[in-house]
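The values are calculated or read from the model by the stated rules, or taken from the named source; none is laboratory data. Source: prediction; values computed, not measured. For neighbour counting, all protein chains shown are included, and Cβ atoms are generated from backbone atoms with ideal geometry for every residue, glycine included.
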Amino acid sequence: MKVLIVGGVAGGMSAATRLRRLKEDAEIIVFEQGPHVSYANCGLPYHIGEVIPEEQDLLLQTPKSLHDRFKLDVRVNNRVESIDLANKAVTVSNLETGESYTESYDKLILSTGAKPRMVPIPGLERAHVLRDVQDAVKIKALVDQKQIKSAAIIGAGFIGVELAENLQHRGIETTIVEFRENILPQFDPEMIEPMQQVLVEHGIKLALSSETEEVLENTLRLKDGRVIPADLVVAAIGVVADNKLAVDAGLTIGSAGGILVNDQMQTSNEHVYAVGDAAEKTSFITGQNQMIWLANLANRHGRLVADVIAGENVQARPSIGTGIIGAYGMAAALTGITEGLAKRMNIPHQIIHLHPSNHAGYYPGVERVSLKVLFDPETGKILGAQGIGRDGVDKRMDVIATAIYAGLTIDDLMNLELSYAPAFGSAKDAINQTGYVGNNIRTGKTENIQWHELEDAQAQGAVVVDVRTDGEHQSGSIPNTKSIPVDVLRDRVEELRGKDVIVTCAVGQRGHTAVQLLRGHGVKARNLDGGYSTWRTGMNARDRVKN
Ligand SMILES: Cc1cc2nc3c(=O)[nH]c(=O)nc-3n(C[C@H](O)[C@H](O)[C@H](O)COP(=O)(O)OP(=O)(O)OC[C@H]3O[C@@H](n4cnc5c(N)ncnc54)[C@H](O)[C@@H]3O)c2cc1C
């Protein structure tokens, strides 16, 4: 069997090495248009920041090492130009010699990845992109040679934010220009606000809700007239599937813009498969086709396609989409869908916000882990989660991603037995607490209201009661709230009788106690979800857009 693979990085190389392990006699040729295979795309921003100082450390394999261990014929600097589906052959250009040749196949795997999205902004041709090792080397050389003092990054997705941290770390005055209202628009605004604050505290400038009018010689002009210093401009506006080969060959492209595949990664042609960033995924949550640009899925589907070609009857599970980003010691992670997406798609959802600790409060180094979880109000099935904090975010997000995969409900999180010693977690872990809060809502013991619904509720006559201590109240509170600390609430219930009461505390915990107390006295009350903390970060996110 002769198998050709186009693209020699995450998906392509996973497919190649797995296939070799399964089929010693297969002829496997990998074509890569660049000079490197198996490079660490995810490490590129950190090479520029000198966190990974050596270019060599980004190169995980070479054509020789892959030949020696896996008997792979890896052809770098060889670009596949076209696919002849009828004759099962590809045309290849050797970029070193200029020679063009054809290669036949029994099976063809496309793992051509995603390329930076470019938009028609005058002068954008001056912008750099960050897709491969050469791109990173070019940007790093400009920084090393002190040719640039300032940088503007257009786009605040994962790559834009990681690059900003690394450029700023190298002493470059860095501005991120983002069209949407917050950075990392994959997150809901109140969840990503602490990351925005950290970036700003470290000197990165954020131009949110801003559009670039024109890229000039050493600056960038925004539509609102502002001029941003920009010796270096990087277009990090997002990516699009690199699907030209597939389009030209007449393979079906799906509604999300990627190569359409079935659950065995097979395209509309039975002998051609596609994996990774170029291929569409089916969402585990919505059932719809979507693009998910993550290394985990490229690797997983690369492995799976090898199994399929080797004759195994395996199918890909729909994709959840779990990602994480770090900057200046803070981590933000997400899995499944967000509130924003749930609203846009009219997916019924219930939301909870929590701010538990990473580990036991009495053990040194305690940090807050802020979590937001969405679940189906009918079934309790978890739909998505976001987390932000300095420590312990990754493990909570990974547990929730696993829970989503297993089809667990929010209530099931109460019962998970998770490892605990004071330095690592709590006897009642953040995940268990999430289950408790969700279960209280599902069983009707409490009702919550979201930070962005509060203003309307107040306008309609709701009384907001701050049940924190007087001192906490005085140090910052929601406007037009009545201060009744929870410890004296029992004595003051009559003040609230007959009113639509919303209680708020620091994080929602004392608020829950207050709701139960008021209900016990026949007063209808709701809890402000996530308390003052969530409300404050939500409002800060709003204010940041205005400033
Ligand atoms: C800067 C950066 C940081 C990232 N960080 C993370 C992260 O932290 N976490 C995460 O999950 N994901 C991250 N990603 C995304 C992750 O790298 C991708 O999801 C993953 O690499 C996709 O694998 P792939 O095989 O589909 O494509 P790629 O790994 O991009 O490989 C595609 C290869 O195909 C080659 N190719 C394309 N067309 C042809 C052709 N016609 N002929 C020959 N070769 C061709 C390309 O040159 C390219 O080398 C990051 C990506 C970048 C660029």
Top-ranked residue of the stretch 185-201 - restricted to ones that are surrounded by 23 or more Cβ atoms within 10 Å (Cβ to Cβ) and not in a helix (DSSP H, G or I), ranked as farthest from the chain's Cα centre (by Cα): 188
Residue by residue through the stretch 456-479, note down the ones that are without any contact (Cβ under 8 Å) to a residue 24 or more places away in the chain and of a type in the set (D, E, K, R). 456, 470
Residue 82 being more than 15 Å from the ligand (Cβ to nearest atom) and in the same structural domain as residue 278 (by TED's automatic domain parsing): no
Are any of the residues in the stretch 447-455 without any contact (Cβ under 8 Å) to a residue 60 or more places away in the chain, outside the structural domain of residue 204 (by TED's automatic domain parsing) and closer than 30 Å to residue 178 by Cα? yes
Regarding the stretch 22-32, can at least one residue be identified that is free of Cβ contacts under 8 Å to residues at least 60 places away in the same chain and within 24 Å of residue 162 (Cα to Cα)? no
Going through the stretch 130-141 one residue at a time, which ones are surrounded by fewer than 19 Cβ atoms within 10 Å (Cβ to Cβ) and aliphatic (A, V, I, L, M)? 137, 141
Which of the residues that make up the stretch 284-298 are near the ligand (Cβ under 8 Å from one of its atoms), touching a residue at least 40 places away in the same chain (Cβ under 8 Å) and buried (at least 19 other Cβ atoms within 10 Å of the Cβ)? 293, 298
Scan of the stretch 153-187 for residues that are over 17 Å from residue 208 (Cα atoms), within 14 Å of the ligand (Cβ to nearest atom) and touching a Ser or Thr at 6+ places or on another chain (Cβ under 7 Å), ordered by number: 167
Of all the residues that make up the stretch 1-33, how many are farther than 27 Å from residue 87 by Cβ and within 9 Å of the ligand (Cβ to nearest atom)? 3
Some residue of the stretch 40-53 being free of Cβ contacts under 8 Å to residues at least 60 places away in the same chain and more than 11 Å from the ligand (Cβ to nearest atom): yes
Given the condition more than 14 Å from the ligand (Cβ to nearest atom) and within 23 Å of residue 279 (Cα to Cα), answer yes or no: does some residue in the stretch 111-124 qualify? yes
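Against the condition in a helix (DSSP H, G or I) and among the charged types (D, E, K, R), how does residue 300 come out, does it pass?
Values: in a helix (DSSP H, G or I): yes; among the charged types (D, E, K, R): yes.
In short, yes.
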Failed item in (1) over 19 Å from the mean Cα position of the chain (by Cα); (2) in contact (Cβ under 8 Å) with a residue 60 or more places away in the chain; (3) within 16 Å of the ligand (Cβ to nearest atom), with residue 216 passing the rest: (3)
Can you go through 234, 305 and tell me which one is buried (at least 24 other Cβ atoms within 10 Å of the Cβ), within 16 Å of the ligand (Cβ to nearest atom) and under 30 Å from residue 162 (Cα atoms)? 234
Taking helices (runs of 4 or more DSSP H) that do not extend beyond the stretch 1-99, which have at least 2 residues that are hydroxyl-bearing (Ser, Thr, Tyr) and at pLDDT 95 or above? 10-22
Taking the stretch 261-283, which residues are in a loop (DSSP other than H, G, I, E, B) and either among the hydroxyl-bearing types (Ser, Thr, Tyr) or surrounded by 19 or more Cβ atoms within 10 Å (Cβ to Cβ) (or both)? 261, 265, 267, 268, 275, 280
Within the stretch 326-346, is there a residue that is assigned by TED's automatic domain parsing to the domain that holds residue 384, more than 15 Å from the ligand (Cβ to nearest atom) and touching a Phe, Trp or Tyr at 6+ places or on another chain (Cβ under 8 Å)? yes
Which pairs do you get when a residue that is closer than 15 Å to residue 160 by Cβ, found in the stretch 123-139, comes within reach of a residue that is loosely packed, with under 15 Cβ neighbours inside 10 Å and not basic (Lys, Arg), reach meaning Cβ atoms under 7 angstrom, with the pair 6+ apart or on two chains? 124/118
